[in-house]
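Inspection log for the structure reproduced underneath, given as structure tokens.
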Amino acid sequence: MPIPLPVLVRIAVTAALCAHAFFVYTTARCLARTFGFDVGVLLLGIVVTTVMMIPFIWVYWIVDLPDIWQKHLRPIRRWRSNRCPGCGYSRTGAASAVCPECGVTWTEPPPYRVGWPTVKRFTIIVLIALTIGTAAGEMRILLDERAFLREAESAPDGVAARPRGWPNGGHWLFHDPLQGPIAGDRSWGASTVVPMPYQPHRDAHDSHPQAPSEDHGE
Ligand SMILES: [Zn+2]
């Protein structure tokens with residue numbers, strides 16, 4: 001059984017907004033530069049994602065597109081060209097007010113108006129998208145961070161650095177045995193490109209007392 005067009009449109013809109021929420025949430029989560037789950041960051045990410053959903057409010061009527069066409073635009077067009085709003089059967093010379101073809105009573109179709117059902121429908125879609133998008137985003141990052149920890153553990157000296165997984169390759173993860181895991185970005189430290197193998201932050205800035213330094217000769 002084919003899925004009705006209005007349902008398909010709602011699924012498509014939900015999927016698009018889910019993807020939007022996913023990208024916004026993961027970006028916000030990476031910009032917070034925290035490693036591991038943090039309730040504060042989660043709440044902040046949800047707030048940012050909700051705010052970034054606002055630009056899409058003006059397309060709330062998109063979920064009604066099939067209804068707008070099937071129940072309003074097409075019937076009105078048929079009515080104006082003196083045809084049955086339901087099936088397009090010609091009304092010219094007809095005596096009855098009921099369509100002999102499809103049985104629809106011939107009255108002028110009402111224009112499309114935004115009502116509470118539309119608003120409610122769109123609000124539900126946005127809430128679903130926010131929930132799935134942020135949950136999937138947090139999950140994606142947590143799994144990537146877990147994989148990174150495993151990589152750092154298996155590294156011979158416990159030192160590791162690599163970009164976060166898709167879609168946050170612009171943000172980096174670092175690990176050394178003393179500081180543990182750190183979240184940052186490519187400009188973290190002194191250079192824009194992280195040296196491989198990764199040099200821990202304090203050494204790069206000559207601030208560690210035990211770090212050998214050529215600038216601080218005793
Ligand atoms: Zn008809």
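Any read-out appearing in this document is the output of simple, stated calculations on the displayed coordinates, not a laboratory observation. Note that this is a predicted model, so its numbers are computed, not measured. Neighbour counts are summed over all protein chains in view; Cβ atoms, including those assigned to glycine, are modelled from backbone coordinates with ideal geometry.
Descriptive notes on the structure:
- Cα-projected label distance for residue 50 with residue 101, points at 7 Å along beta-carbon direction, nm: 5.1 nm
- Order of 175, 72 under a 10 Å beta carbon neighbour criterion, fewest first: 72, 175
- Note on the range 1-154: Rg/Rh from Cα positions, Kirkwood definition for Rh, rounded to two decimals, is 1.26.
- Cut-off 14 Å between beta-carbons: net charge of the residues surrounding residue 83, Lys and Arg +1, Asp and Glu -1: +3
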